[in-house]
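Please read the structure below before turning to the comments.
The values are calculated or read from the model by the stated rules, or taken from the named source; none is laboratory data. The structure displayed is predicted, hence computed values, not measured ones. Here the Cβ positions follow ideal geometry from the backbone for every residue, glycine too, while neighbour counts run over all protein chains shown.
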C-alpha cells in the first residue's frame, strides 16, 4: 500500500429486517461517486433477514490522499479490482464509521470502533427473544455499558437518538419511511471529509430513487 | 446510474461493458454465461443457493439453456454428468454438505471423466461454510480430493469468481475430468467490482448434441474400472507436475514479493525460570525474566482463495512486501510452484494460511521432505482449525510469542502494527446474549411449535411420557431455540426421521415418545427414505411434515410439492405437483392428520390425540410461507390505488402476561416504555393474527383500514 493510501472502514450493524444489507449496498455504490476511493471490499452476513438475528455489512474503502483521481474518467468508470487484494472482514478497533441500527448490536460490536471513529447509534432496543430471561439484568446495565465505552474510547464520537421513534413520528405525519435511509440521511449533518454533502446527496438520491 | 444489477437478467447480456458491483455468486453466474455453459443443475444450500436462482432467469429466456432444480445434490450432480456426456458444457452447484451426498457417484465419474475434445467440460461449484453460519458442520471438502482426485481451483476476489469459471472449463476439457471451484461463504456473499466486457456466446444446437457411447470409459466394472483408475492417476500426476500445456502458469499459481523484504524475528530468551502461574504469552508481566534478540528473517507466506486475500492484507498492514505464493490450483498441488518459490527466495520460514484442515500444509510438508529440504512451518499448530480465519486472527498470532523448533519468538513488525481493542469493550461484547434467529413475523411454523410445546407439556403432565424431538434442516430448525425448544438433535438432511427410527426401537414407550420433523423439500431430498423405513418397522413415531410449499430457508426455491398456482411462471414450472399425502398414503397403512398452520388451538388438540395413537402417524401441516404469501399479495395490491390494510395493536387491557411476547415469541411484538406494542412495519396482520387467537385477555385489537396509496412511493 502506497503511503498516500489508507483504509476507511465502515461497519453497519443491526437486526434482521432493519435494512442493514441495503445500507451496505449503498456504501458499495458510494465508491463510484467519491473520486478518492480507489477500491473497496465488502462482506455481509446473510440468512437472518426478518428472523431477528444479528446482521452486519462491512465495507472497506482504500482511499487515496493524493490528488483525487476520478474513476469516472478512468477507463469507463472501472475501479481496478486486479492489482490489490484485501479482506472485506471488519478489523477490530479500526472501524471509522459505524451505523448501529439497534442498541444491543452496537454494544456487541463496539470493540470494532476506531478510537477516533464516529458512531451513528439508534437507541432503540430489540432484545433477543431467545434470551428474554436475561433481559432485566442486561437492560439495567445499559447505561453503565455505554459509560464503559465512553471511558475506553473517550474520543469516539457517538451520535445517538432513538431514530426509530423519530421515524415513526414522521411516518404518522407524512409518508412511508425506512430506518436505514432515515439514519443515512442523518450523516449529512455529521461532516465527514469522505462524505461531503453534495456527493452524499447525489449518491443517496440515485440509490434510493 | 446504479452499479448493482438492476435485474438478474443483466448478467446474461452479451454486449455488457464496464464495471458492475456483483456478489461472488453473481460473478460465478456471469462466468458460466461467458463460458457458454448450457446446463446447470443444483440443490439450494447456503452459501451457493443464488447460483441456481440467477441461472433460472437465463434458462427461462433461452431454449438452448437448461436448468434442473433437483431434489438433492446427488441427483443434480448426476444430471450434470449426463448433460456433459451428451455434448454441452455443464455445471452443478451446491453447498459443501452436498459433497458428502455426491461422493458415491463422484468417485466413479472421476474414473470415467468427460470428453474434452467435444468442449463438453464439467465444473462443480461448491460453496463452503467454515464458520458454520448456516450448516451443521464445517467439513473441509478439499479433503475429498485425496481419494476422488478431483482437481480444485480457488478464486480470491469477486473478479476472479467470474474469470475462474472459464479457466475451470478449459482445464476440465484439457484433462478430460470434472473440475471443482471451491469458495467459502466469505467469497460467495462478499461483493466487489467486476469488470465485464462484451462476449460472444456460442451455444451448441440440438442438431449437434448427442450422447456419445463409450463403454470402455463409462462402464466402471471389472477390467475397465482398473484401466480408468490408472488413467485418472496418470492425468492427476501430469497436472501436478506441469505436463499439460496450460496457457500460462497463472492458472495454477502466482508469486509475489521481494527477497529483500524481510521481517524481524524477535526471539525471547528466558533468563529465569517462569513460575507455574506465569506465561510467556503475557510479556509485560515477565519482562524482567526475559531478554530479546532481534534478527532479520526471510519469511514466505503461502495461501489460496480467501487465505490469499488475508496474506495480501497482512503485507499491506505491516508494509512489508514479503515473499508470498498464491495457489489457484490447490489439488493436485502444483509441485513446480513450491519448487520455484523456494528456489527464488530461499525462505527460512513458511507461514501457511488456510481455513479448517492443514490441507496445503501437509502437501507442502511432503514436497519439502522429498526435495529434501527442511523449512519450519507456521501452520495449523499455531492457527485455529475452528472458524474462519481473518486478518485480525493471523495478525494477532504472528504478533505474539510462537514456539517453533524450540525457539520462542514473535514478529516485531506485526507487533508494531497490532491494534487490540480494550478489554472492557471485549467484555461488554461477551455479555450481550447471542441473538438466535427465530421465525419471521407471520410464520406458521411459530404456531406449530407453540401448539406442539403446549400439547407435549399437557401430555407429559397426564402420562409422564417425555417427548423426544427429532430435528431436521429447514426453517423449522429454528424451533430449537427458546421459547419452543422442540429439538433434541440436528444432524443432516433427513436425519430427523432417520435417527427417530433407531430411538423408537430402543426406548421404553411407557416413559418416552418420539416426534420427528421433516420439511417439504427435505421430505423429497432424503426424508422419504427414513419414513419408508419407519413404516417398514412399524415403530411408534409421530412424523410432523411442515409443508410451507417452498424451500424457504434458502430463498423460496420451488419444491416438488409447490402448488401449481404458486409455481413460478418459468421453465422449471413443469405443471406437476407431487402430493405428499398421496405419496405417504401409497406407503401403507399410516394415519395422516392434515393440519392448518394458522389454527393454533385446533393443532394443539390434534397433536395431543396423535401422541397416543400406535405406529407411524403423520401430522401434515400445510400453510404457505407467510413472507412469500405477503409478497405475492402485495404485488397484486400494488395494482390498485386503494388498499385494504390490516393492523394489529395491543390495547390498554394488556397485563404483560407474556403469552404473545415470550411464549408465542413473535418478533413483531416488541417492548417500549414498559409496554408491549406491535411493530406495524414487521407484523403481517393480513396473513397471520395468531396473537389475536392466543391472547388470554383479549387485549389484541384488529383494525382494517382502506388507504389511498401513492404508487410512486
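Rundown of residues vs (1) under 26 Å from residue B:312 (Cβ atoms); (2) over 18 Å from the mean Cα position of the chain (by Cα), yes/no style:
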position: B:69; (1), (2): no, no
position: B:98; (1), (2): no, no
position: B:119; (1), (2): no, yes
position: B:131; (1), (2): yes, no
position: B:147; (1), (2): no, yes
Counting only residues in the stretch B:655-665 that are within 10 Å of chain A (Cβ to nearest Cβ) and part of a loop (DSSP other than H, G, I, E, B), the one farthest from residue B:443 (Cα to Cα) is identified as B:658
Selection from the stretch B:565-590 of residues surrounded by 14 or more Cβ atoms within 10 Å (Cβ to Cβ) and at pLDDT 90 or above yields B:577, B:578, B:580, B:581, B:583, B:584, B:587, B:590
In the stretch B:451-462, anything in contact (Cβ under 8 Å) with a residue 40 or more places away in the chain and either in the same structural domain as residue B:45 (by TED's automatic domain parsing) or surrounded by fewer than 18 Cβ atoms within 10 Å (Cβ to Cβ) (or both) is listed as B:458
If you check residue B:483 against the conditions, is it at pLDDT below 95 and part of a loop (DSSP other than H, G, I, E, B)?
yes
Checklist entry - Of the residues that make up the stretch B:58-72, is at least one buried (at least 24 other Cβ atoms within 10 Å of the Cβ) and out of contact with any helix residue (DSSP H, G or I) (no Cβ under 8 Å at 6 or more places or on another chain)? => result no
Residue B:410 fails exactly one of (1) closer than 30 Å to residue B:313 by Cα; (2) crowded, with 20+ Cβ neighbours inside 10 Å; (3) facing chain A (nearest Cβ under 10 Å), namely (3)
Of the residues in the stretch B:360-390, those that are assigned to a helix (DSSP H, G or I) and at pLDDT 95 or above come to B:360, B:361, B:362, B:363, B:364, B:365, B:366, B:367, B:368, B:369
Considering the stretch B:152-176, residues that are crowded, with 24+ Cβ neighbours inside 10 Å and assigned to a loop (DSSP other than H, G, I, E, B), and then whichever is farthest from the other protein chains (Cβ to nearest Cβ), we arrive at B:154
### Message
Taking the criterion of being more than 19 Å from residue B:169 (Cα to Cα), crowded, with 24+ Cβ neighbours inside 10 Å and in contact with a helix residue (DSSP H, G or I) (Cβ under 8 Å, 6 or more places away or on another chain), would at least one residue in the stretch B:111-121 satisfy it?
### Response
no
If you go through B:674, B:652, the only one that is over 30 Å from residue A:209 (Cα atoms), within 12 Å of chain A (Cβ to nearest Cβ), at pLDDT 80 or above and more than 39 Å from the chain's Cα centre (by Cα) is B:674
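Okay, residues lined up against (1) touching a strand residue (DSSP E or B) at 6+ places or on another chain (Cβ under 8 Å); (2) buried (at least 20 other Cβ atoms within 10 Å of the Cβ); (3) facing chain A (nearest Cβ under 9 Å):
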| residue | (1), (2), (3) |
| --- | --- |
| B:393 | no, no, no |
| B:433 | no, no, yes |
| B:449 | no, yes, no |
| B:474 | yes, yes, no |
Check: Would a scan of the stretch B:301-317 turn up a residue that is assigned to a loop (DSSP other than H, G, I, E, B) and out of contact with any strand residue (DSSP E or B) (no Cβ under 7 Å at 6 or more places or on another chain)?
Finding: no
Among the residues of the stretch A:34-79, the number that are at pLDDT 80 or above and more than 10 Å from every other protein chain (Cβ to nearest Cβ) is 9
When residue B:625 is run through (1) closer than 23 Å to residue A:128 by Cα; (2) surrounded by fewer than 20 Cβ atoms within 10 Å (Cβ to Cβ); (3) within 13 Å of chain A (Cβ to nearest Cβ), the failure sits at (2)
Next on the checklist: Regarding the stretch B:42-54, can at least one residue be identified that is part of a strand (DSSP E or B), in contact with a helix residue (DSSP H, G or I) (Cβ under 9 Å, 6 or more places away or on another chain) and crowded, with 22+ Cβ neighbours inside 10 Å?
Outcome noted: yes
Residue B:336 passes all but one of the listed conditions (1) without any contact (Cβ under 8 Å) to a residue 12 or more places away in the chain; (2) over 26 Å from the mean Cα position of the chain (by Cα); the exception is number (1)
Taking the stretch B:644-665 and keeping only residues that are in contact (Cβ under 8 Å) with a residue 40 or more places away in the chain, farther than 22 Å from residue B:598 by Cα and surrounded by 14 or more Cβ atoms within 10 Å (Cβ to Cβ), one is left with B:654
task: Determine whether the stretch B:125-132 contains at least one residue that is buried (at least 19 other Cβ atoms within 10 Å of the Cβ), within 17 Å of residue B:74 (Cα to Cα), away from every other protein chain (no Cβ under 14 Å) and out of contact with any strand residue (DSSP E or B) (no Cβ under 9 Å at 6 or more places or on another chain).
output: no
Among residues of the stretch B:14-31 being in contact with a strand residue (DSSP E or B) (Cβ under 9 Å, 6 or more places away or on another chain) and surrounded by fewer than 24 Cβ atoms within 10 Å (Cβ to Cβ), the residue nearest to residue A:22 (Cα to Cα) is B:21
When (1) in contact (Cβ under 8 Å) with a residue 40 or more places away in the chain; (2) on the phi < 0 side of the Ramachandran plot; (3) more than 7 Å from chain A (Cβ to nearest Cβ) are applied to residue B:418, the one that fails is (1)
Going through the stretch B:681-707 in order, the residues found to be more than 9 Å from chain A (Cβ to nearest Cβ), in a loop (DSSP other than H, G, I, E, B) and under 36 Å from the mean Cα position of the chain (by Cα) are B:683, B:684, B:685, B:686, B:687, B:688, B:689
Residue B:562 fails exactly one of (1) in a loop (DSSP other than H, G, I, E, B); (2) under 23 Å from residue B:101 (Cβ atoms); (3) at pLDDT 95 or above; (4) more than 14 Å from chain A (Cβ to nearest Cβ), namely (3)
Quick count over the stretch B:192-204, residues being surrounded by 10 or more Cβ atoms within 10 Å (Cβ to Cβ) and closer than 18 Å to residue B:120 by Cβ, is 3
